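Worksheet for the structure shown next.
The values are calculated or read from the model by the stated rules, or taken from the named source; none is laboratory data. Keep in mind that what you see is a predicted model, and the values were worked out from it rather than measured. All Cβ positions, even for glycine, are placed from backbone atoms using ideal geometry, and neighbour counts span all protein chains on display.
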Amino acid sequence: MPPANDRSGAGAPAPSHETIVVHKGHGLPYSKGLMAQTISATGLSPGRAFELARKIEQRLDANGGGEIDIAALHALAEDVLTTEEGDLTARRYANWRRLDRLDRPLVVLLGGTTGVGKSTLATMLAARLGVNRVIATDVIRQVLRAFFTHEAMPTVHYSAFEAGGIAGYRDQAERVGTGIAAIVERAANEAKPVVVEGVHVVPGGVHPRMREDCVLVEVLIVVEDKELHRGHFSHRPGTRPAERYLASFEDIRRLQDHLWERARSEGVAVIDNENVDDTLAQLMQLVLDAVQEVQ
């Protein structure tokens, strides 16, 4: 009986032909893992993305291996995606590749009340997009607290859900919104993408002029299921006690309702975060569709 790694026997898999991917004069072996990571940016699950990366590898093997330039590899990937998943997924793959060649920077604004998963989603989305700047609006509030006394600017000295109802939240969001506008303006001026997340991201709150200077994607993250939302506070990282949030849970829910109504009136996308992976896929689709619109 031949050893396990002997491929000469009957029924053994055909030998793989290594393919070198050439980019700017440098070559590296084709990687299913890297290709799967790229394909997953279209919104497909990691498992399905890896299956498609394997199909691409099989196509490369069928061609006998050797060398392939990066443009030809992307064309092959789009062909496989079109065959296996359809034109829409192939277009999203092409749009993902255009992200670093946009003439206007990508700016993603993720709003939502406390405990809906904004920070986690912002970090995961930025990693998928290759964006290295993620800014939380609570950082802006902390800066305002450091520079303005309670008497001068009282609402910024409280969490959004403790600022005095919807009226207090609106005042706080307006003050923090000045900082958000400055971040968006700087991103546009420097042509650098950014993801901004926080409860102070008010749907439709960006000045129309700023929309002309960047590829803007606005999304409100919600958790419609009340008990699921309540459960999120038991798993919050850091030293923040769940009891504090649970004691103000109804105020947090009222703030979510307010933001949700604002999103409806402003035509801003709303995603119910029942599952992080599904929500991330929807976010990626919104981003890539926005890129498609600026072609």
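Structural remarks
- Test for T114: is it without any contact (Cβ under 8 Å) to a residue 40 or more places away in the chain and assigned by TED's automatic domain parsing to the domain that holds R186: no
- The lone exception for R97 - which of (1) over 30 Å from A160 (Cα atoms); (2) within 17 Å of the chain's Cα centre (by Cα); (3) not in a helix (DSSP H, G or I) it fails: (3)
- Restricting region 159-194 to residues that are hydroxyl-bearing (S, T, Y) and within 12 Å of L255 (Cβ to Cβ), the residue that is surrounded by the fewest Cβ atoms within 10 Å (Cβ to Cβ): S159
- For region 133-158, a residue qualifies if it is surrounded by fewer than 19 Cβ atoms within 10 Å (Cβ to Cβ) and of a type outside the set (A, V, I, L, M), and the qualifying residues are R133, D138, Q142, R145, F147, F148, T149, H150, E151, P154, H157, Y158.
- Pick from region 180-198, criterion touching a Ser or Thr at 6+ places or on another chain (Cβ under 7 Å) and not aliphatic (A, V, I, L, M), ranking: farthest from F161 (Cα to Cα): E197
- Region 61-94, residues that are more than 22 Å from the chain's Cα centre (by Cα), under 16 Å from M35 (Cα atoms) and of a type in the set (S, T, N, Q): T82
- Residue within region 134-143 that is free of Cβ contacts under 8 Å to residues at least 40 places away in the same chain, out of contact with any Pro (no Cβ under 8 Å at 6 or more places or on another chain) and of a type outside the set (S, T, N, Q) present: yes
- Subset tally (residues that are at positive phi and either in a loop (DSSP other than H, G, I, E, B) or of a type in the set (D, E, K, R) (or both)) for region 165-219: 3
- Conditions (1) under 21 Å from A160 (Cβ atoms); (2) without any contact (Cβ under 8 Å) to a residue 12 or more places away in the chain; (3) not basic (K, R): number failed by P208: (1)
- Among the candidates G64, G43, G47, residue that is surrounded by fewer than 19 Cβ atoms within 10 Å (Cβ to Cβ) and not in a helix (DSSP H, G or I): G64
- Yes/no for G130 being crowded, with 18+ Cβ neighbours inside 10 Å and assigned by TED's automatic domain parsing to the domain that holds N275: no
- Conditions (1) within 18 Å of V199 (Cβ to Cβ); (2) in contact (Cβ under 8 Å) with a residue 60 or more places away in the chain; (3) under 22 Å from the mean Cα position of the chain (by Cα); number of the one not met by A281: (1)
- Single residue of region 195-215 satisfying the filter (among the hydrophobic types (A, V, I, L, M, F, W, C) and buried (at least 19 other Cβ atoms within 10 Å of the Cβ)) that is nearest to N132 (Cα to Cα): V195
- Sole residue being among the hydrophobic types (A, V, I, L, M, F, W, C), on the phi < 0 side of the Ramachandran plot and buried (at least 20 other Cβ atoms within 10 Å of the Cβ), chosen from L109, L99: L109
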